[in-house]
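The values are calculated or read from the model by the stated rules, or taken from the named source; none is laboratory data. Owing to the predicted nature of the structure, the values given are computational and were not obtained by experimental measurement. We place every Cβ from the backbone using ideal geometry, glycine too, and count neighbours over all the protein chains shown.
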């Protein structure tokens, strides 16, 4: 088992995977509790257009995805604030538009289909030192912002109207939250893949919520579930030659189902 870590690409993959596993549930907790889970899925599809654009123009695909995703997140929040387009409708517009753009870019750049596959489903083999550095920087930004605005984010998560009345700049904080979501999605791409990023952000949080603990404890449990799933998924994908992202998500879903069954039985025996 330890011989596995003699390979440089494996070490890079695990470094990036552990960082992603810790950061994704941090943002996911706020999104799930605010019923913003669809934002993660929308921005993930937007990032696909950014990756395709980067590959087509010869830019770093991760940085291209970051730029496009940040711009899209600002556009979504702007539409939502104007109230001329309902929140879910704004998400649908960006999701469908980004998929259409990605499809066109893919048809223009048939030569990078192989490279694109790794970004779609994630792979520990293709994670570069530059990817690890980019992921680390973005993760520090996300973690620092959450730590600095933790109380405000929790307040808005549970009672946005009361937070607004009390004088908190709820609009600015909402914009920051969606920007942090864009950063989290971008840093997750090399490991989990575009098509499965939303699961990494949402599933560990939903699993942790089954335990019915405090807000801080829920974040801790979600990160533990995420870390366990990512590490086990990366090991299994390496030894069994499976898709990294798909393996990680299936393990997460298995943990969720086990917790769901365990808590359901416990509540049933308590009521009896």
Filtering the range 51-67 down to residues that are surrounded by 21 or more Cβ atoms within 10 Å (Cβ to Cβ) and in contact (Cβ under 8 Å) with a residue 24 or more places away in the chain, which residue is nearest to residue 130 (Cα to Cα)?
62
Could you tell me which of the residues 187, 177 is part of a helix (DSSP H, G or I), in contact (Cβ under 8 Å) with a residue 12 or more places away in the chain and under 15 Å from residue 29 (Cβ atoms)?
177
Among the residues of the range 133-149, are any at pLDDT 90 or above, in a helix (DSSP H, G or I), closer than 13 Å to residue 31 by Cα and under 19 Å from the mean Cα position of the chain (by Cα)?
yes
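Return the only residue of 154, 194 being within 19 Å of residue 38 (Cα to Cα), surrounded by 16 or more Cβ atoms within 10 Å (Cβ to Cβ) and out of contact with any strand residue (DSSP E or B) (no Cβ under 8 Å at 6 or more places or on another chain).
Going through 154, 194 in turn, just one is within 19 Å of residue 38 (Cα to Cα), surrounded by 16 or more Cβ atoms within 10 Å (Cβ to Cβ) and out of contact with any strand residue (DSSP E or B) (no Cβ under 8 Å at 6 or more places or on another chain): 194.
Please pick out the residue among 255, 230, 249 that is part of a helix (DSSP H, G or I), surrounded by 14 or more Cβ atoms within 10 Å (Cβ to Cβ), modelled with pLDDT of 90 or more and over 17 Å from the mean Cα position of the chain (by Cα).
255
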Apart from one, (1) in a loop (DSSP other than H, G, I, E, B); (2) within 30 Å of residue 49 (Cα to Cα); (3) touching a residue at least 24 places away in the same chain (Cβ under 8 Å) all hold for residue 212; the odd one out is (2)
